[in-house]
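Following: one structure in structure tokens, then a few remarks.
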Amino acid sequence: MNSHTYQTKRGQLEEYFDRTASDAWAKLTSDAPVSGIRKTVRAGRDRMRQTLLDWLPQDLHGRRILDAGCGTGALAVELAQRGAQVVAIDLSPTLVQLAHERMPAELAGKLEFISGDMLAPSLGHFDHVVCMDSMIHYEKHDMVQVLNRLTDRTAHSVVFTFAPSNVVLETMIRVGRLFPRKDRAPFIEPVSENSLRSAIEKTDTLRDWKINRTQKISSGFYTSQAMEVCKA
């Protein structure tokens, strides 16, 4: 992994989600009224979260799970409610604080929210890792290396999302890049499923892992594709 590229992108994401867009994300991830466009994004994210949950065991007692890029904590809460011991981490201290505030009191002790880097070795080892829309801003090479680092300390599966390359998404991104930098999110980096599959399969350190399934979710302005890799 190009550590300089990763750290630069990480800094951009922290700046955006912690300062520029924290209020918008707090509203989007609540049940507060939102615009028509954001309704489609909210609906798409809800469907994607449910997809990732469906790919994990219903009974998670005794399992330790990393929610990498937890945002305001909706996915982490559902994992803990199934019995998992959850470490939920995000770059944005503001969103992590909001996740703390929204956490049901009965989950204290089963769910830990942290602000920091999802690749930090100090987080330890896990049975499963979930990365919902936290890798979509990285180029394919860095995404594969992030996956490599995560699988190195995971026993069973990593479920993550990427931005599937298609004409509509790439047009939306090109249009978005016309706006001033302060008004837009860090770039989403589209990648084709076949290209990503090939990169994963050609990574020698991932030879003990196999791609199990994928699922694309499209809802208005939200387009994301889930992929599950499992220990062979």
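The numbers here are math on the coordinates, done by the rules we state, and not lab data. In this text the structure is predicted, and so the values were computed from the model without any measurement. In this analysis, Cβ positions are derived from the backbone assuming ideal geometry, glycine residues included, and neighbour counts consider all displayed protein chains.
Residues whose amide H lies under 5 Å from that of VAL191, counting only those 5 or more places away or on a different chain, are ALA163, SER165; hydrogens are built 1.01 Å from N in the peptide plane.
Give me MET132, MET103 sorted ascending by neighbouring Cβ count inside 10 Å, so fewest comes first.
Arranged by neighbour count, lowest to highest, MET132, MET103 become MET103, MET132.
When Rg and Dmax are taken over the Cα atoms of the stretch 20-162, they come to 14.6, 41 Å. From least to most packed, judged by other beta carbons within 10 angstrom and beginning with the fewest, HIS137, HIS125 follow the order HIS125, HIS137.
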